[in-house]
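What follows is a single structure, written as structure tokens, with notes after it.
The values are calculated or read from the model by the stated rules, or taken from the named source; none is laboratory data. Keep in mind that what you see is a predicted model, and the values were worked out from it rather than measured. Positions of Cβ are backbone-derived with ideal geometry, glycine not excepted, and every protein chain shown enters the neighbour counts. Side chains included, ligands, DNA and RNA excluded: accessible areas come from the protein's heavy atoms. Shrake-Rupley method; radii C 1.70, N 1.55, O 1.52, S 1.80 Å.
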Amino acid sequence: DANEQVIAYEFLLRPILHGPSFQPHRLFDIAHRTGLHSFLDRAARISAIEKSAEHLPCGVKRFINFLPSSIYNPQYCLSHTFAAIERLNLEPKDFVFEVVETENILNMPKLQNIFDVYRSNGIFVALDDVGAGYSKPELINTLKPDYVKIDRGLIDYCDQDKTKQAQILHIVERSQDVGSQVLAEGIERREEFEFCRSIGINLAQGYLFGKPSEQPIAR
């Protein structure tokens, strides 16, 4: 945040130490082709919730990805997620579920329904990779997410690129219009962070602050 404090962690699907090796994108690709991606996505969500209970204190946000295409009935499919949070005595408000694979979302009302179900259970929602691929800034107005995460491709050397700066400002303005908080992804250079802060982006993640790890960094 603006005080350079750690206020959240993003949970990533990775092989366990000394366990079988795999590449997450290949695992999801195989699961999708075999009709098992709903099970894999649910298992990954619940694993992230359980790991967060082991490592993080109350009040620290936990960002967790989800695949909208794996959720055919939000009330039923997400009931396992909500049950896991309750079982572990965690606070729903500490969780932010971020949507990925927006290129596969042809049914916006369905995604809005998923967002509504998360929110009705006290959980926040985020739109990931905004500014890349099919995750267009226009989706901000449609979905009104709690968090808008700007794609790392726009952030990379944004301090030196006027075109990127204009695109980032456009996203920030749209986000402010609907009350979304903006987070810059993939920050590796101090100059990128300083530019983002100068235009009002107070949340950031990237290698400048810490690399993926099994354990939380010291706060």
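Conditions (1) touching a residue at least 24 places away in the same chain (Cβ under 8 Å); (2) surrounded by fewer than 20 Cβ atoms within 10 Å (Cβ to Cβ); (3) among the small types (Gly, Ala, Ser), marked per residue:
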| position | (1), (2), (3) |
| --- | --- |
| Phe95 | yes, no, no |
| Pro109 | no, yes, no |
| Asp129 | yes, no, no |
| Gly133 | yes, yes, yes |
| Lys136 | no, yes, no |
| Leu139 | yes, no, no |
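Looking across segment 152-175, the residues that are more than 20 Å from Tyr9 (Cα to Cα), surrounded by 14 or more Cβ atoms within 10 Å (Cβ to Cβ) and either aromatic (Phe, Trp, Tyr) or in contact (Cβ under 8 Å) with a residue 12 or more places away in the chain (or both) come down to Gly153, Leu154, Asp156, Cys158, Asp159, Gln165, Gln167, Ile168, Ile171, Val172, Arg174, Ser175. Per this entry, Glu4 is not counted among residues that are closer than 25 Å to Ile150 by Cβ, within 17 Å of the chain's Cα centre (by Cα) and of a type outside the set (A, V, I, L, M, F, W, C).
Going through (1) over 30 Å from His80 (Cα atoms); (2) not in a loop (DSSP other than H, G, I, E, B) one by one, Thr142 falls short only on (1).
Rundown of residues vs (1) modelled with pLDDT under 95; (2) open to solvent by less than 50 Å² (accessible area, probe 1.4 Å); (3) not in a helix (DSSP H, G or I); (4) not basic (Lys, Arg), yes/no style:
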{"position": "Ile30", "(1), (2), (3), (4)": "yes, no, no, yes"}
{"position": "Ala48", "(1), (2), (3), (4)": "no, yes, no, yes"}
{"position": "Ala53", "(1), (2), (3), (4)": "no, yes, no, yes"}
{"position": "Ser69", "(1), (2), (3), (4)": "yes, yes, no, yes"}
{"position": "Tyr72", "(1), (2), (3), (4)": "yes, no, yes, yes"}
{"position": "Ala84", "(1), (2), (3), (4)": "no, yes, no, yes"}
{"position": "Ile114", "(1), (2), (3), (4)": "yes, yes, no, yes"}
{"position": "Val117", "(1), (2), (3), (4)": "no, yes, no, yes"}
{"position": "Ala126", "(1), (2), (3), (4)": "no, yes, yes, yes"}
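Annotation: Arg26 fulfils all but one of (1) of a type in the set (Lys, Arg); (2) out of contact with any helix residue (DSSP H, G or I) (no Cβ under 6 Å at 6 or more places or on another chain); (3) surrounded by 15 or more Cβ atoms within 10 Å (Cβ to Cβ); the unmet one is (3).
Inside segment 3-17, can you point out the residues that are among the acidic types (Asp, Glu) and either assigned to a loop (DSSP other than H, G, I, E, B) or over 11 Å from Arg62 (Cβ atoms) (or both)? Spell out the reasoning first.
Restricting attention to segment 3-17, the residues satisfying the condition of being among the acidic types (Asp, Glu) are 4, 10.
Of everything in segment 3-17, just one residue is among the acidic types (Asp, Glu) and either assigned to a loop (DSSP other than H, G, I, E, B) or over 11 Å from Arg62 (Cβ atoms) (or both), namely Glu4.
Would it be correct to say that Gln215 is open to solvent by 10 Å² or more (accessible area, probe 1.4 Å) and over 16 Å from the mean Cα position of the chain (by Cα)? Criteria met by Gln215.
Checked against (1) over 28 Å from Ile201 (Cβ atoms); (2) without any contact (Cβ under 8 Å) to a residue 24 or more places away in the chain; (3) open to solvent by less than 50 Å² (accessible area, probe 1.4 Å), Phe39 passes all but condition (3). Checked against (1) assigned to a loop (DSSP other than H, G, I, E, B); (2) surrounded by 15 or more Cβ atoms within 10 Å (Cβ to Cβ), Pro57 meets all criteria but (2).
Ile64: open to solvent by 80 Å² or more (accessible area, probe 1.4 Å) and not in a helix (DSSP H, G or I), yes or no?
Spelling it out, it is not the case that Ile64 is open to solvent by 80 Å² or more (accessible area, probe 1.4 Å) and not in a helix (DSSP H, G or I).
For Tyr76, the test of being exposed (fewer than 15 other Cβ atoms within 10 Å of the Cβ) and either polar (S, T, N, Q) or in a helix (DSSP H, G or I) (or both) is passed.
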